[in-house]
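Beneath this line is the structure, given in structure tokens, with notes to follow.
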Amino acid sequence: MIRHRPAGSGHPYVADTEQRWPVQPVVGEPLRFGVRTSGEVDRVTLELSLDGRETESHPLGPVLRSSRGQAMDGGHLASAQARQARQAGGWQVDLPSAPEGGLRYRFTATRPGGTSEHTRWFTVRTAAWRPAAEELLVIDGDAVAVDPGSVTVLDDGERVHGVRFALPLAAGEHLAGFGERYDALDHRGSTLDSVVFEQYKSQGAHRRTYLPMPFAHVVGGAGWGFHVRTSRRVWFDLGATDPGRLVVEAEVDAPSGQPGILALALYAGDPTAVLDAFLAEVGRPKELPPWVFRLWASGNEWNTQAEIERQVALHRQHDIPIGNVVIEAWSDESTFTVFRDAQYRVRQDGGPLRLADFTFPADGAWPDPKGMADRLHEQDIRLHLWQIPLIKMRPHPAGQVAADARAAVREGVLIREPAPDGSLRPYRNRGWWFPLGLMPDLTDQRAADWWLEKRRYLVEEVGVDGFKTDGGEHAWGADLVYLDGTRGDEGNNRFPVAYAAAYGRLLESAGKAPVTFSRAGFTGSQAHGAYWAGDENSTWEAFRWSMFAGLSAAASGIVYWGWDIAGFSGPTPDAELYLRAMAASVFVPIMQYHSEFNHHRLPRRDRTPWNIAELTGEPAVIDEVRELVKLRERLLPYLAEQCRATLSTSRPLMRPLYFDHSDDPAVWRHPLQWTLGDALLVAPVVEPGVESWPVYLPEGQWVDAWTGTPHAGRQVVETRTARNRVPAFVTRDRWADLRGVFGG
């Protein structure tokens, strides 16, 4: 076998051995061709013709097959990724400069003995960056002007594949937002892109994100912001090449010479005005019930009813209130609609099942799911179940999941991809998690309804209150085809938005609040549920990255946001990290802990207070967490009040300091501080082993929440707080209202 896939797997950051790179060749720039072979091969040759001229031959050299992911450390998710990253034989050749014109090429593999095998012929037109008129852009707003002469297009003579333009950057301006970003608050001087991607851990180091948006604040001076109105990939050079220019490059697909192929919104004003204008365009957040502000508890090894009820009882025993339980490992791990060990008759038509269709054995993992849900509700605890938007196809499906797969194909509810013969076939997940799974097109109302009806009994009969809508990042490749004809380059970023929205509609149709808990999203996600920062290690560095993620998400209009307190993967955190992170979580919108599957090995890696206390040998951890969670409970009225204010004004609930103090350059020197609503300033301790922590107080009159000491603004104060406290300050006008929250 000899295989060449011009666009590869669609991984946005790693080129596969068997692809063309770049996928769209650029005149004068290097161009790589590659193939993958099986069996013994002596040599591989590229036959290449330009504009029908005489064919040239180029020998390919043997290389190790590149990975679609990257080497990862520890954890069951890392193991899955590593299996996808096995190295195998491949062949490649590099051309130093792509010629201008139409390329026609194929590959020939020669085996021992002289037999040979060819690929089919492939064609592609090389493109060049050419000057273009500003009329290519549809500009809404006049906060700034596009730099004269900066508009260029990547044009192959028949179609335009990209647009570049530049906006001016003044001295002292800062760039923030861009969706959920882990590495910094101010991105000036760096480069970014906007593509939904599942980066398993170390998002801050790799500078990739589950939740990008081509939207930003430009803070300083009069203030302005922008939104590139596209769901295709966009790259940003934020003064990295030229300090005085913000360069935008966006993917497009349009005939050469067509005007108005890319839309740009320019918003004038301070950060609140900019965000309000953006949300008016893309959709505003919906208010969720106040119980979402209570503690969320979860562990991937809580995979039986007995374990769930044991953990809930331990919270009650230790007097640590919880409001939400998330069960990840509840299902049969194939349908993701059926409780593990449930007995039922397979619906061969792939139709939805009801609660009455199941028998739950007394000795099974979940002997009484509805009774469990009822008992949780009696304790004022809400129940959320984990989901994945895939039909699992490995190992080979059997039973209900096989019937579901057949029905999905028959009903035409799946995302599709081109087959080698040019026809369309069901897309098979190209990522490393649930490889080759089928993917329902949840951007399509009919397909989403088909998918969600299979989950309706969980909401209406079992009593589930919400869903953890995980894994919205599995649509890889510009060549995917959605049911409305949209291609993957335009549709893939939209998928996680539609995923959360669809589950929200299911909940609302049953008279419940649309509480979804997602990690992936894009422009428009603001209107759909809550979000968490994704998979991360239990390290101080990851703690800091997560705080940046929350602040940038908030600046982009995400209201209900949290993270896995002190990380969910790898060795458990020590007591100091655990408590510092737990203390910070009191002052973010969603407070939740979670832990990764560890194959039930001992010692357990649960992030529960009692497990951390046992592993660290510090029983005081339980008392300290109790104090923090009860502080959170006392904050609930304030959180609900301030959330309503956020929804009506667009001022973020977890608010970066530059929102209210955009003219104060000092706020950028203290990026990991924020105000929770209008009256609370918090500055979490994000370094180990410190005895004091500097806090910058912006303009105003402030009161230390723990000591009652008044302070004037525009100064740095040194604070000393216990490891289960965050340096916190209250505006003087609200001190009388909030003093009791802090025990004053």
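The values are calculated or read from the model by the stated rules, or taken from the named source; none is laboratory data. Here the structure is a predicted model, which is why all the values come from computation and not from measurement. Because the Cβ atoms are built from the backbone with ideal geometry, glycine has one as well, and the counts that use them run over all protein chains shown. Side chains are part of the model used for accessible areas, which takes the heavy atoms of the whole protein and leaves out ligands, DNA and RNA. Shrake-Rupley method; radii C 1.70, N 1.55, O 1.52, S 1.80 Å.
Once amide H atoms are built 1.01 Å from N in the peptide plane, which residues 5 or more positions from G239, or in another chain, come under 5 Å H to H?
For G239, the qualifying residues are G189, R245, V247.
Calculate the length of the line joining the C-alpha centroid of segment 619-659 to that of segment 523-542, in whole Å.
17
Which ³J(HN,Hα) values in Hz, rounded to whole numbers, follow from the phi angles of segment 126-132 under the Karplus curve 6.51 cos²θ - 1.76 cosθ + 1.60, where θ = phi - 60° and Gly and Pro get x?
6, 10, 9, 7, 10, x, 9
Arrange the residues M591, M393 by how much accessible surface each exposes, largest first, with a 1.4 angstrom probe.
Heavy-atom accessible area, descending, gives M393, M591.
In segment 575-660, carbon and sulfur make up what percent of the accessible area (probe 1.4 Å)?
Carbon and sulfur together cover 53 percent of it.
Projected onto the charge dipole of segment 500-582 (+1 at Lys/Arg Cβ, -1 at Asp/Glu Cβ, origin at the Cα centre), which of L506, M547, F522 gives the Cα projection farthest towards the positive end?
With unit charges placed on the Cβ atoms, the residue in question is L506.
Over segment 128-264, what percent of the accessible surface lies on carbon and sulfur atoms, probe 1.4 Å?
Carbon with sulfur: 50 percent of the solvent-accessible area.
Please work out the average accessible area per residue across the chain, using the 1.4 Å probe convention, and give it in Å².
In whole numbers, the chain has 36 Å² accessible per residue.
Once you charge only the Cβ atoms, +1 for Lys and Arg and -1 for Asp and Glu, what is the size of the charge dipole of segment 243-381 about its Cα centre, to the nearest 20 debye?
Computed charge dipole of segment 243-381: roughly 200 debye.
Along segment 688-697, what does the Karplus equation 6.51 cos²θ - 1.76 cosθ + 1.60 (θ = phi - 60°) give for ³J(HN,Hα), rounded to whole Hz, x for Gly and Pro?
Karplus-based 3J(HN,Hα) across segment 688-697 equals x, x, 9, 9, 9, 9, x, 10, 8, 9 Hz.
For H599, tell me the accessible area in Å² from a 1.4 Å probe, rounded to the nearest 10.
100
Going by a ≥ b ≥ c, the root eigenvalues of the Cα gyration tensor, does the chain fall in the rounded group (a/c under 1.5), the prolate group (a/b larger than b/c) or the oblate group?
Verdict is oblate for the chain.
So what J values fall out for segment 99-114 if you push phi through Karplus, 6.51 cos²θ - 1.76 cosθ + 1.60 with θ = phi - 60°, rounded to Hz, Gly and Pro as x?
x, 8, x, x, 9, 10, 8, 8, 10, 10, 9, 10, 9, x, x, x
Would segment 166-281 count as rounded, prolate or oblate if I go by the C-alpha gyration tensor, calling it rounded below 1.5 in a/c and otherwise prolate when a/b exceeds b/c, oblate otherwise?
Verdict is rounded for segment 166-281.
Using a simple charge model, +1 on the beta-carbon of Lys and Arg, -1 on the beta-carbon of Asp and Glu, nothing else, what dipole does segment 340-384 show about its Cα centre, in debye to the nearest 20?
Dipole size: approximately 180 debye.
So who's got an amide H within less than 5 Å of the one on R519, skipping anything under 5 residues away but keeping other chains? H placed 1.01 Å off N, in plane.
G471, G472, W532
Protein chains only, probe 1.4 Å: how do H217, H318, H377 rank by accessible area, largest first?
If we order H217, H318, H377 from most to least accessible, we get H377, H318, H217.
Positive end of the dipole of the chain, charges at C-beta (+1 Lys, Arg; -1 Asp, Glu), about the Cα centre: which of I308, G257, V160 has its Cα farthest in that direction?
Positive-most Cα among the choices belongs to I308.
Any idea what the dipole of the chain comes to, in debye rounded to 20, about its Cα centre with Lys/Arg Cβ at +1 and Asp/Glu Cβ at -1?
Dipole about the Cα centre, nearest 20: 1300 debye.
Let me cross-check Y638: its accessible surface, 1.4 Å probe, with only protein heavy atoms counted, in Å² to the nearest 10?
Solvent-accessible area, nearest 10 Å²: 10 Å².
Accessible area of segment 346-486 with a 1.4 Å probe: how many percent of it is carbon plus sulfur?
Carbon with sulfur: 51 percent of the solvent-accessible area.
Please identify the DSSP H helices in the chain that span no less than 27 Å along the helix axis (Cα) and have a mean Kyte-Doolittle hydropathy of -0.5 or more.
Qualifying helices, which must be both long enough and hydrophobic enough, are 620-649.
Of the peptides 304-313, 223-232, how do they stack up when ordered by the mean number of other Cβ atoms within 10 Å, highest first?
My ranking of the peptides, most packed first, is 223-232, 304-313.
Any chance you could check the Cα centroid distance between segment 258-293 and segment 299-376 for me, in angstrom?
38
List the residues, sorted by chain then number, that are 5 or more residues from G713 or on another chain and whose placed amide H is less than 5 Å from its amide H.
G700, W702
At a probe radius of 1.4 Å, what is the per-residue accessible area of E117, in Å² to the nearest 10?
Here the accessible area works out near 60 Å².
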